[in-house]
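Q: I have a structure here, written as structure tokens, and I will follow up with some questions on it.
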Amino acid sequence: MQLKKQKSYTARFFCLGAVLLAAVLFSIVSGRFHLSLTELAHLIAGRGDVPKGAQQVFFEIRLPRVGAAMLVGAALSVAGICYQGMFRNPLVSPDILGASTGAGFGAALAILLGAGYFGISASSFCFGLAAVFVAYLISRVSRTNPTTAMILAGMMISSLFSAGTSFIKLVADTDQKLPAITYWLLGSLTSIKQRDLLFLSIPFAVGMLPLLLLRWRLNLLTVGEDEARAMGVNTTLLRLIVVICATLLTAASVSVSGMIGWVGLIIPHICRMLFGYDYRRLIPASAMLGAAFLLVVDDAARLVTTNEIPLGILTAFIGAPLFLYLILSGGGRHAD
């Protein structure tokens, strides 16, 4: 029976990999400047018989955007499922500790001060980290249960940064800066370049690698604090590592893509339906499915209409009905 389940999970991973590969290929060749599969094969092989325009589209536009969509989708999904396991709450999302709202405030402040694109990303990333750091410090000095205190502190920090962002929008120039702030907060990958992919890949690797290495220990956090300690797990250190890594993933994602909701909430639920509750399978599955999901959403954002639709709008339109379906169908059940 156990062998049969293992084969079933392997088959599901294979199908998920095939879906991700298909999404990558479709994203690269599709657009206003169409690339044929032959041109794509020649570009990958390094042959010089491809038109210069196709080379520019592939290396300067499509490849960075596809890579960023994959990293952002994977990062938000993994951060969401790790937070849900750590807090033992399936309704938790990556912005539970204020990383997203802090990053949004940092970006809005940088836009207001006239910073360039890199300055906006750097400010967003730093404020996202700072928001979670303050929430964690409050939870450590609180006399309340540390987990509860961390959630409450995150809610408070989120509220403060949301108010700060609203104030910035209030005083911003209505001709240029206010539209730029509003569009950034809605989420988009329109301006992604190769340097942004490098900026994102470093914190992504730093945050993802420990979670992959410690994914079997995350199973122990879901059974409860006392049980995990009885098994010899330093729960305080493990929670700190999860918070740091998940925050790095969330802040880095928001700093380059803006605020994209629902990915870190919906994808973990779907993965639990397909792969059960074992974090040894859940984390890699969430990364793959999150990457494929955001690729598809980004394709819809740039192909459905002549003007690009912000990703935050599309993920809400897709995520809310899907989440309602999961609730009504009992989607939290263990995979067979």
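Q: Restricting attention to the stretch 109-139, report how many residues are at pLDDT below 90, farther than 24 Å from residue 170 by Cβ and not hydroxyl-bearing (Ser, Thr, Tyr).
A: 1
Q: Which condition number in (1) open to solvent by 10 Å² or more (accessible area, probe 1.4 Å); (2) closer than 19 Å to residue 200 by Cβ; (3) touching a residue at least 40 places away in the same chain (Cβ under 8 Å) is the one that residue 244 fails?
A: Single failed check for residue 244: (3).
Q: List pairs: first in the stretch 248-267 and more than 16 Å from residue 120 (Cβ to Cβ), second of a type in the set (Asp, Glu) and open to solvent by 10 Å² or more (accessible area, probe 1.4 Å), Cβ under 9 Å, 6+ apart or cross-chain?
A: Hits for this filter: 250/95; 261/95; 264/95.
Q: Right, another one. Condition (residue is in a helix (DSSP H, G or I), among the polar types (S, T, N, Q) and at pLDDT 90 or above) applied to the stretch 236-243: is it met by at least one residue?
A: Checked against the condition, which is being in a helix (DSSP H, G or I), among the polar types (S, T, N, Q) and at pLDDT 90 or above, the stretch 236-243 yields no hits at all.
Q: Whether any residue in the stretch 314-325 is of a type in the set (Gly, Ala, Ser) and at pLDDT below 90 is what I want to check.
A: yes
Q: Out of the helices (runs of 4 or more DSSP H) lying entirely within the stretch 1-67, which hold 1 or more residues that are loosely packed, with under 11 Cβ neighbours inside 10 Å, touching a strand residue (DSSP E or B) at 6+ places or on another chain (Cβ under 8 Å) and not β-branched (Val, Ile, Thr)?
A: none
Q: Here's something else I'd like to know. Does the stretch 113-147 hold any residues that are closer than 20 Å to residue 190 by Cα, of a type outside the set (Ser, Thr, Tyr) and not in a loop (DSSP other than H, G, I, E, B), and which are they?
A: 118, 119, 120, 122, 125
Q: Pick from the stretch 70-115 the residues that are free of Cβ contacts under 8 Å to residues at least 12 places away in the same chain and either of a type in the set (A, V, I, L, M) or touching a Pro at 6+ places or on another chain (Cβ under 9 Å) (or both): which of them is surrounded by the fewest Cβ atoms within 10 Å (Cβ to Cβ)?
A: Ranking the candidates gives 113 first.
Q: Being part of a loop (DSSP other than H, G, I, E, B) and buried (at least 16 other Cβ atoms within 10 Å of the Cβ) is true for just one of 318, 270, 260, 266. Which residue is that?
A: Answer to the check: 260.
Q: Here are 93, 77: which of them is under 15 Å from the mean Cα position of the chain (by Cα), closer than 24 Å to residue 248 by Cα, assigned to a loop (DSSP other than H, G, I, E, B) and of a type in the set (S, T, N, Q)?
A: 93
The values are calculated or read from the model by the stated rules, or taken from the named source; none is laboratory data. Because the structure is a prediction, the values reported are computed rather than measured. Note that we place each Cβ from the backbone using ideal geometry, even for glycine, and neighbour counts take in every protein chain shown. Just the protein is used for accessible areas: all its heavy atoms, side chains included, with ligands, DNA and RNA removed. Shrake-Rupley method; radii C 1.70, N 1.55, O 1.52, S 1.80 Å.
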